[in-house]
Amino acid sequence: MQTTHRVFAAAIGFIALALQFVLEVRLPYGPGLLASTVNFFSYFTVLANGAAALAMLVPVIAPASRLGRFLSLPSVRTVIAGYLIVVGGTYFLFLRHVGNDQGLERVADQLMHYVTPVLFMIDWLAFVPKGHVPWTMILISVLPPLVYGLWTMVHGATTGWYPYPFVDMRSVGYPEVLMNMAGFLAVFLAVELALVLIDRLIGSVWQSGR
């Protein structure tokens, strides 16, 4: 059951990423293959979905490898789950009506923002051992989003391209962008805290039921 679910979820994840990549690099009047590739990997959605797809597949095909063991850790899977919750929630609240995505673009959006997060949360709830995530993981989990935010500012200032409207310094300005980033870091902290609390609660129930 676990293996089937993870292989299926990994397949969905990689298909969505491949589809989005093809759409990104073939857009008319685009910046070219190299710049489009850099832009593609400058979406937090892509990074989170890539981490989720790897976390689903590698522990199945190479469980004894260093990466397989790392991606199997409850703390790592909890961090990825938190990222996907933020990705899905941000898209639903702020981005689903931005632009006019149709056809394959809409398919890719739905897969990355809804399907993959749901599949990963099912895996986290059903198959990840509970009660093993340290509290220190909450603070550590915000380091990747913090680095991503710094990259977004530097890359955007250099190229004039921004992945999301709420980090576009040209239209909203530096003060608001910094406030938006601080708000998202707070959301990341809150989501990861909630997941650790759920992890501890389920873990204690499992222990008391033995």
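The values are calculated or read from the model by the stated rules, or taken from the named source; none is laboratory data. In this text the structure is predicted, and so the values were computed from the model without any measurement. Virtual Cβ from ideal backbone geometry, glycine too; neighbours counted across all protein chains shown.
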**OP:** Tell me which residues, restricted to the range 194-206, are surrounded by 16 or more Cβ atoms within 10 Å (Cβ to Cβ) and either among the aromatic types (F, W, Y) or within 12 Å of Y83 (Cα to Cα) (or both).
**Re:** L195
Original post:
Taking the range 95-111, which residues are part of a helix (DSSP H, G or I) and more than 16 Å from the chain's Cα centre (by Cα)?
Top reply: L104, E105, R106, V107
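Give the residues of the range 168-196 that are among the aromatic types (F, W, Y) and touching a residue at least 12 places away in the same chain (Cβ under 8 Å), sorted by residue number. Walk me through it before giving the result.
Within the range 168-196, the subset among the aromatic types (F, W, Y) is 174, 184, 188.
Those that are among the aromatic types (F, W, Y) and touching a residue at least 12 places away in the same chain (Cβ under 8 Å): F184, F188.
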Subject >> Pair list, Cβ under 6 Å, 6 or more apart: the range 64-93 residue closer than 20 Å to H132 by Cβ and in contact (Cβ under 8 Å) with a residue 60 or more places away in the chain, other residue among the aromatic types (F, W, Y) and surrounded by 14 or more Cβ atoms within 10 Å (Cβ to Cβ) >> reply: A81/F120; A81/W124
Original post:
Which residues, counting only those in the range 112-167, are over 17 Å from the mean Cα position of the chain (by Cα), in a helix (DSSP H, G or I), crowded, with 16+ Cβ neighbours inside 10 Å and in contact (Cβ under 8 Å) with a residue 40 or more places away in the chain?
Top reply: H155, F166
**OP:** Specify the residue that is surrounded by the most Cβ atoms within 10 Å (Cβ to Cβ); the eligible residues are those in the range 96-111 that are farther than 29 Å from Y174 by Cβ and touching a residue at least 60 places away in the same chain (Cβ under 8 Å).
**Re:** A108
Original post:
Just to be sure, is L93 surrounded by fewer than 17 Cβ atoms within 10 Å (Cβ to Cβ), farther than 21 Å from L146 by Cβ and either of a type in the set (A, V, I, L, M, F, W, C) or modelled with pLDDT of 95 or more (or both)?
Top reply: yes
Original post:
Based on what the data block shows, is L84 out of contact with any strand residue (DSSP E or B) (no Cβ under 8 Å at 6 or more places or on another chain), modelled with pLDDT of 95 or more and either farther than 17 Å from Y164 by Cβ or assigned to a loop (DSSP other than H, G, I, E, B) (or both)?
Top reply: no
